[in-house]
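Worksheet: one structure, shown below.
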Amino acid sequence: MRFDDTFVDQLRSSIGILDLVGGYVRLDKKGRDHAALCPFHSEKTPSFLVSDSKQIFKCFGCGAGGDIFQFIMLIENMTFPESIEHLAESHGIPIPHATKASGPRSEERQLLLEIMAQATDIYCRWLPQKKEALSYLSGRQINAQTVKQFSIGYAPPGQRLLEELKKKGYRVEQILACGLVREGDSGQVYDRFRNRIVLPIRDLSGKTIAFGGRILGDGLPKYLNSPETPLYTKSNHLYPLNVARDEIRRRDFAILVEGYFDCIVPFQFGIPNIVASLGTSLTQNQVKLLGRYTRNVITNYDPDSAGTAAAIRSIDLFLEEGFHVNVLQLPSGEDPDTFIRREGTETYQQKLKGSQSYLDFALSQFLKQQKAPSSPKGKQEVVSRILPYLAKIPNKIEQAEQVTRIASRLQVDENLILAEMRKVPHRTEKQPPLNYSLLVDRVTPAEKILLAAVLEEQWCQSTLEQVEVQLFEGLRTEAIFEKIFYLQKGGGTISTVHLRELVDDDSDRDLLENLALRSGELDLFAEAIENSIQALQRMQYERLSRQIQEEIKKEETKNSESTALDELLNRKAQIRKKLKEIERGQG
């Protein structure tokens, strides 16, 4: 697919990168730019920067960088054309008719999304016709506004959805690809969701990609989810993150629960920073997804054995991604849905405030699981199980305090725990972080200042009037400045986003992004720019002088009185004169 350059530029200028990236990660002001924990790799200290003035992002940890399109391509796993379509559609910007041709993958995805949207509307239309479904929702105190907000619907028995979609012109294999129907052993195709309350599972842009269904009355399974499809991979989504993420970011913590209604009911009752893992099998991808918005979480799984085991498993996953983790266990038989309806929002919030640290929770569970927790063997087993959690505490002072507290609770000498901790192997990075500073270290201070000046509207024209492309010959930024002069000659806009599109080499593109984001650290004024130009001119003349000297040596071995030798000596004298002029100018 080929999009018109004018439209791409229009899209880029209409969508601010701060707002776009801020919809996915929590951004904090850092000087002229904004910083965050990188959404593309695990880290505990922010190395991901977003520049509003340059309209680019860059991670100095993993090297990911680019403009709004590159960000969407990476975070949504899209091609460049798909990122353009996604951004245009999500921001209400019409795509010119002449550029609407799509590739096969994009066309298939759009078709499946269209079918899922139709299914959502059909299920919602059927809900008011089923009194038992309305009665069920009313019994859970779910009001009409919440039904509308979450697009809760009803799937009747039989093959009604299949027939409805076929009437709209969709083929059976397309409906199958959405996971809305299934094929039996006999080859017959029938609706996957029958006699169920259905809840759409949406991606971050709000498009339906799957469904969950709760049986009405008796029947198994009680809950049924869509299978994995080209649109939906369960391990990559949290329900309903598309509506919860803003409040998670604003409050800087998330509540993690198991199921749909454990989210919907608290959301309705004023607890909007809540998401479900759609079961108890939390995955690393789901943790990373949540980590875009906060690094603080309270898990609130059901207090049964499955929920307790899931809470323990989740602690490991969250600690791996640098989260602060607390655990809330409600009284036996309660879940967030039933507890809030019975006890109210305020009581639930008090429970959240009193939630246990992950260490206290894990220690309590490990002690409960011991037949003789006060015996030497029981204590040893508990210490062995709690050690990995202690070892993951990055702050040494906090770690020491926790060791003291656990030793007191177990009634053992804390030196014994410390001795055991020393036996725990230290974690090493699977892959050493790339040192992108090496790229910048090879750039002279003069190059940094001149590139920063060219990228600033105030200094761009006056700087370019004083330099020429030959000045950067042999320097680390040569390829970047070649593209700058190319844009200038063609009357194009000189900006970081336009330059990174033109620069061919990945290392040059990395260098451009690094220098552009660090340019705010430089003091730009006329004298600094002039001194930088003179510094590069001196380097240029010194380089020429060395080249001429080599030629002189070669010529002398041939003929000490040749005309060529005289010309070389004359050129060398002129270069020396230029160098003296530069030195006088700096003096």
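If you go through the stretch 283-322 and keep only what is without any contact (Cβ under 8 Å) to a residue 40 or more places away in the chain, not in a helix (DSSP H, G or I) and not charged (D, E, K, R), you end up with just PRO303. For the stretch 161-192, a residue qualifies if it is in contact (Cβ under 8 Å) with a residue 60 or more places away in the chain and within 27 Å of LYS131 (Cα to Cα), and exactly one does: LEU180. Inspect all residues belonging to the stretch 146-158 and state whether any of them is in a helix (DSSP H, G or I) and surrounded by fewer than 17 Cβ atoms within 10 Å (Cβ to Cβ). For the stretch 146-158, residues in a helix (DSSP H, G or I) and surrounded by fewer than 17 Cβ atoms within 10 Å (Cβ to Cβ): present. Do the conditions hold for SER235, that is, is it among the small types (Gly, Ala, Ser), over 19 Å from ARG140 (Cα atoms) and part of a loop (DSSP other than H, G, I, E, B)? No; evaluated as a whole, the condition is false for this residue. With respect to the conditions (1) in a helix (DSSP H, G or I); (2) over 21 Å from THR294 (Cβ atoms), LYS351 lacks only one, and its number is (2).
For the stretch 323-337, filtering for residues that are polar (S, T, N, Q) and either assigned to a loop (DSSP other than H, G, I, E, B) or surrounded by fewer than 16 Cβ atoms within 10 Å (Cβ to Cβ) (or both) leaves 2. Checked against the criterion of being closer than 21 Å to PHE71 by Cβ, out of contact with any strand residue (DSSP E or B) (no Cβ under 6 Å at 6 or more places or on another chain) and among the small types (Gly, Ala, Ser), the candidates ALA528, ALA516 yield just one match: ALA516. Annotation: of all residues in the stretch 159-200 being part of a strand (DSSP E or B) and within 20 Å of GLY219 (Cβ to Cβ), the one that is nearest to the chain's Cα centre (by Cα) is LEU199. Residues in the stretch 381-397 that are assigned to a helix (DSSP H, G or I) and either touching a helix residue (DSSP H, G or I) at 6+ places or on another chain (Cβ under 9 Å) or among the hydrophobic types (A, V, I, L, M, F, W, C) (or both): GLU381, VAL382, VAL383, SER384, ARG385, ILE386, LEU387, PRO388, TYR389, LEU390, ALA391, ILE397. Of the residues making up the stretch 24-41, those that are surrounded by fewer than 20 Cβ atoms within 10 Å (Cβ to Cβ) and among the basic types (Lys, Arg) are LYS29, LYS30, ARG32. Looking at GLU561, is it more than 23 Å from VAL454 (Cα to Cα), at pLDDT below 75 and outside any helix (DSSP H, G or I)? Here the answer is yes, as GLU561 does meet what is asked.
The values are calculated or read from the model by the stated rules, or taken from the named source; none is laboratory data. Since the structure is predicted, the reported quantities are computational estimates derived from the model, not experimental observations. No Cβ is skipped: glycine too gets one built from the backbone with ideal geometry, and neighbour counts run over all protein chains shown.
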